[in-house]
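Data block below; observations after.
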Amino acid sequence: MYFNPEIETMSRAELEALQIKRLKKSIDTALQTPFYQKTLGEKGITSASINSLDDLQKIPFTTKEDLRNNYPFGLVACDIKKVVRLHSSSGTTGNPTVICHTQHDIDQWANRVARCLYMVGVRDTDVFQNSSGYGMFTGGLGFQYGAERLGALTVPAAAGNTLRQIKFIRDFGTTTVHAIPSYATRLYEVMQEQGVDPRRDTKLKTLVIGAEPHTDEQRKRIEDLLGVKAYNSFGMSEMSGPGVAFECTYQNGLHIWEDCFIVEIINPDTLEPVPDGEIGELVLTTLDREAMPLLRYRSRDLTRFLPGECPCRRTHRRLDRIKGRSDDMFIVKGVNIFPMQVEKILMQFKELGTNYLITIETKNNNDEMSVEVELGDLFTDDFSKLQSLTREITRQLKDEILLTPKVKLVDKGSLPQTEGKAVRVRDLRNNK
Amino acid sequence: MNIKQLSVFLENKSGRLNEILDILGKAEIRIIAATVADTSEYGILRLITSNTQAAYTLLKENHVSANLSDVIAVSCDSLAGTFAEQLKCFSQENISIEYMYCFSVKDRAFLILRTNNNEKACEIAEKYKLHSVSEEELIQL
């Protein structure tokens with residue numbers, strides 16, 4: 001049941017010893033770049049400064065801004081001759097971020113993805129169809145190489161053309177599909193239109209979903225619709241791409257591969273580590289990358305460590321599903337809140353539409369939070385039912401975010417919507 | 001006799017009521033009776049119209065939160081004491097009235113009632129020989 005049994009079930013002590021050994025190597029490699037020569041040099045840090053994992057705290061953070069400022073090759077630590085591939089972000093907000101890979105980096109990345117897929121039962125007898133975009137997007141080649149490494153028959157269907165996707169699924173006997181969660185639902189809808197019953201007419205059994213934050217409710221829906229098990233996949237292009245963390249068959253959080261990454265969760269304001277189990281920003285240090293080692297890279301993704309051991313006996317710790325971006329986080333009365341928490345609750349009410357707006361303002365020297373949410377179809381003519389709906393939303397929000405917001409039902413279509421991504425939070429406080 | 005009533009969610013915002021009435025007006029839908037009930041944040045506009053089903057479809061197309069429900073209508077002479085007379089029989093038969101609104105045309109008064117049991121309310125109206133009004137009759141007014 002393990003792709004790399006010794007690594008996946010290694011004792012914590014051995015794992016940490018391995019991390020220290022590899023961290024030293026990463027620092028040595030990083031010191032080949034002018035950027036790290038400067039940032040580490042200022043603090044007098046070399047691999048000799050690291051004696052325990054606590055010493056990691058001495059190392060300054062690396063940010064997305066640093067990647068942009070060193071575009072394209074400023075953070076390449078090896079001879080450029082050894083670089084065999086690069087992936088780049090779209091760069092819609094300034095310089096794109098570029099990640100370079102040596103053959104070793106590509107191999108290790110493929111191994112990690114293979115390890116993830118093997119963990120959820122994908123084998124060399126399976127047919128793996130990748131409906132992710134190819135090209136610069138790492139979900140394409142990342143899964144392609146990983147599934148091939150595993151020995152699965154890999155179908156690079158790429159994104160879109162749903163009718164063709166369904167034809168492939170049926171003709172090739174696809175058992176496993178990688179898709180973003182919203183596309184998984186789309187696949188089902190088109191199957192419906194075509195009179196295809198996924199349970200009767202396909203061999204689908206596993207879906208790998210990721211690249212888009214989603215709730216557990218969404219996952220269960222995908223599982224029900226397609227008659228599959230759906231597993232949450234987490235990755236980011238700066239950490240090569242997919243294969244950073246992945247759910248096992250217990251579906252109780254995502255094992256993050258600590259032989260390849262040192263994982264920290266910090267408070268994005270104080271930059272101090274949060275107590276175990278609390279939500280904060282994920283910070284990752286690469287341990288096995290030659291071309292572009294990154295030390296204490298701030299991912300901006302919010303998550304937390306899940307406590308306890310996993311029945312699957314893997315020792316690599318588990319992360320909770322991504323709760324949103326630290327850029328989106330706001331603090332009201334000392335409580336850290338992110339829109340995903342509010343969204344998760346609102347989406348459970350079928351009486352409501354999908355658009356909402358959180359407003360925080362100062363009233364009588366107090367922070368007040370209100371949530372406006374669009375009503376769907378009016379489900380009743382009865383005031384008391386509308387009022388009890390408001391009360392129930394308020395109660396559930398309070399359970400989730402630990403303070404009581406003012407909930408207001410508003411007309412359908414009345415909240416601001418921007419192209420693609422809606423504005424969810426308005427902070428009107430005098431001193432934020 | 002059940003009559004279709006259109007209920008519309010109204011956010012408390014200047015001009016919103018007008019928008020709704022405009023949509024109906026442009027589609028040549030006549031309003032026979034209307035009432036707005038409100039809380040501090042929102043209201044519900046309740047309407048009897050010349051074509052309530054069409055009005056509902058039209059509002060939905062315009063992304064307005066609306067709902068169709070059943071009410072009953074009775075009429076009586078517009079004289080002192082007739083209201084009490086009409087409503088008394090409902091309370092005698094343990095029917096409670098959730099809300100009502102009324103209007104008069106010349107010397108006739110019309111009561112639109114929402115009760116906790118419309119079916120039983122209709123039977124009572126018959127039993128006490130109240131004058132029940134059908135949707136067609138309302139539209140003819």
For this session: Among the numbered conditions (1) on the phi > 0 side of the Ramachandran plot; (2) within 13 Å of another protein chain (Cβ to nearest Cβ), tell me where B:GLY81 comes up short.
Result: (2)
Exercise. Of all residues in the range B:24-44, which are facing another protein chain (nearest Cβ under 9 Å) and among the hydrophobic types (A, V, I, L, M, F, W, C)?
Worked result: B:ALA37, B:ILE44
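This table checks each residue for (1) surrounded by fewer than 14 Cβ atoms within 10 Å (Cβ to Cβ); (2) among the basic types (Lys, Arg); (3) in a loop (DSSP other than H, G, I, E, B); (4) more than 14 Å from chain A (Cβ to nearest Cβ).
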position: B:ALA73; (1), (2), (3), (4): no, no, no, yes
position: B:GLN86; (1), (2), (3), (4): no, no, no, yes
position: B:PHE90; (1), (2), (3), (4): no, no, no, yes
position: B:ASN94; (1), (2), (3), (4): yes, no, yes, yes
position: B:TYR99; (1), (2), (3), (4): no, no, no, no
position: B:ILE124; (1), (2), (3), (4): no, no, no, yes
position: B:LEU138; (1), (2), (3), (4): no, no, no, yes
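Taking the criterion of being buried (at least 16 other Cβ atoms within 10 Å of the Cβ), part of a helix (DSSP H, G or I), within 31 Å of the chain's Cα centre (by Cα) and not aromatic (Phe, Trp, Tyr), would at least one residue in the range A:358-368 satisfy it?
No.
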Exercise. Taking the range B:5-23 as the search range and keeping residues that are in contact (Cβ under 8 Å) with a residue 12 or more places away in the chain and more than 8 Å from chain A (Cβ to nearest Cβ), which one is surrounded by the fewest Cβ atoms within 10 Å (Cβ to Cβ)?
Worked result: B:ASN12
Exercise. Going by the conditions given, is A:GLY413 facing chain B (nearest Cβ under 8 Å) and over 24 Å from B:ILE48 (Cα atoms)?
Worked result: yes
Problem set entry | Test: residue in the range B:45-66 that is of a type in the set (S, T, N, Q), surrounded by 15 or more Cβ atoms within 10 Å (Cβ to Cβ), within 14 Å of chain A (Cβ to nearest Cβ) and farther than 30 Å from A:GLY413 by Cβ | no
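Within the range A:19-30, does at least one residue satisfy the condition of being over 16 Å from A:GLU290 (Cα atoms) and either at pLDDT below 95 or more than 25 Å from the chain's Cα centre (by Cα) (or both)? Before the answer, list the steps.
Start the filter on the range A:19-30 by keeping residues that are over 16 Å from A:GLU290 (Cα atoms), which leaves A:20.
Add one more test, that the residue is either at pLDDT below 95 or more than 25 Å from the chain's Cα centre (by Cα) (or both), and what stays is A:20.
Within the range A:19-30 (the criterion being over 16 Å from A:GLU290 (Cα atoms) and either at pLDDT below 95 or more than 25 Å from the chain's Cα centre (by Cα) (or both)), the answer is yes, since at least one residue qualifies.
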Seminar exercise, completed: Filtering the range A:320-340 for residues that are buried (at least 18 other Cβ atoms within 10 Å of the Cβ) and part of a helix (DSSP H, G or I) leaves a count of 3
For this session: Sort through B:SER91, B:SER104, B:SER50, B:SER78 and tell me the only one that's of a type outside the set (A, V, I, L, M, F, W, C) and in the same structural domain as B:GLU11 (by TED's automatic domain parsing).
Result: B:SER50
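The values are calculated or read from the model by the stated rules, or taken from the named source; none is laboratory data. Owing to the predicted nature of the structure, the values given are computational and were not obtained by experimental measurement. Heads up, the Cβs are rebuilt from the backbone with ideal geometry, glycines too, and the neighbour counts pull from every protein chain shown.
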